[in-house]
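Have a look at the structure below, then the notes.
Laboratory data are not the source of any read-out in this text; all were calculated from the coordinates shown. Computed from a predicted structure; not experimentally measured. Neighbour counts are summed over all protein chains in view; Cβ atoms, including those assigned to glycine, are modelled from backbone coordinates with ideal geometry.
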Ligand code: NAD
């Protein structure tokens, strides 16, 4: 379905981004991977996706807290894979502290990666999408883009901002073949969430299994984690022709979180 398309997936060396990169590759898209990690492991991911799905893959280690590197990622993908048709703004980090104790540098970093990088990448990619009158921008926001939790000021602000950015870009491209939508996942068991489970276990003196159950039962009615593969399938739908008139939506896949 996506053969001949090139997708940039930010933060795709792990977790949700990797799940989405695999799902797009399974549909035939060539993939530019991005994110941090062990170089040998990243190379194994890159060659593994290429071999499993018969697509072209490349990797760029741009640090998305830096606007010039974010723009450079789009330039590198265009140079190495020929074009960018699909942009998945997925890279994100978390930091947890009450507002009055929230370190300024952590606020800046969370907003830079979770929100500003999505703006810079979108700005860099839209001209070529307009030139071909086709494009898909998928922003990975969060249930925290629609609701709030204590101690997550920067994350919740950035994710609400990303839902807003999604709507603006969708409106500005509404008469074109470019769409922009957001996915708002609930809890997904990735390294980002494992850190929060470990912190909860330590704080309450419970084991990791109990902490996992507690975390889920606080917000996620299904008490099941959403999986990267399920989110990948939703991203594929957004990139398909069936998704052509899905514009400016924030689709929550969250085990019922936002229904409460
Ligand atoms: P993760 O920690 O498994 O993966 C994050 C990815 O982003 C990694 O590839 C990492 O290397 C990359 N990254 C981090 N900082 C970067 C930077 N400065 N430049 C480039 N890449 C960088 O996390 P995840 O849980 O897969 O999260 C992916 C996205 O999904 C994030 O935006 C997160 O906010 C969002 N999300 C996660 C959950 C969840 O429960 N895991 C829920 C809702 C939304």
Original post:
Tilt of helix 39-53 relative to the longest C-alpha principal axis of the chain, in degrees (0 to 90, nearest 10)?
Top reply: 60 degrees
Original post:
When the chain is fully extended, how far beyond the present Cα-Cα distance does residue 194 get from residue 213, taking 0.36 nm per residue of separation?
Top reply: 5.6 nm
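Using Cβ contacts closer than 10 Å as the measure, can you line up 65, 12, 222 from fewest to most?
222, 65, 12
Given just the C-alpha atoms of the range 154-206, how large is their convex hull per residue in cubic angstrom? Display every interim value, and only then the final one.
Details: hull volume 4.7 nm³, N = 53.
Normalising the Cα hull of the range 154-206 by residue number yields 89 Å³.
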Original post:
What whole number of Å gives the distance from the Cα centroid of the range 94-113 to the Cα centroid of the range 214-260?
Top reply: 26 Å
Original post:
In whole Å, what is the distance between the alpha-carbon centres of the range 1-68 and the range 116-168?
Top reply: 19 Å
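For the range 104-164, what class follows from the C-alpha gyration tensor (a ≥ b ≥ c being the square roots of its eigenvalues): rounded when a/c is under 1.5, otherwise prolate if a/b is larger than b/c, else oblate?
Since a/c reaches 1.5 but b/c is at least a/b, the shape of the range 104-164 is classed as oblate.
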Subject >> Gyration tensor over alpha-carbon atoms, the range 1-138, equivalent ellipsoid semi-axes in Å >> reply: 26, 18, 12
**OP:** Within 10 Å, count the other beta carbons around each residue, average over each peptide in 101-108, 212-219, 123-130, and list them highest first.
**Re:** 123-130, 212-219, 101-108
**OP:** With just the Cα atoms of the range 140-260, tell me how far they stretch along each of the three principal axes, in Å, largest first.
**Re:** 55, 27, 25
**OP:** Could you work out how far helix 208-219 tilts from the main Cα principal axis of the chain, as a 0 to 90 degree angle to the nearest 10?
**Re:** 80 degrees
Original post:
Given R₀ = 41 Å, FRET efficiency for residue 101-residue 176 by Cβ-Cβ distance, to 0.05?
Top reply: 0.35
**OP:** Starting from the Cα-Cα distance between residue 202 and residue 83, subtract it from 0.36 nm times their residue separation and give me the gain in nm to one decimal.
**Re:** 38.2 nm
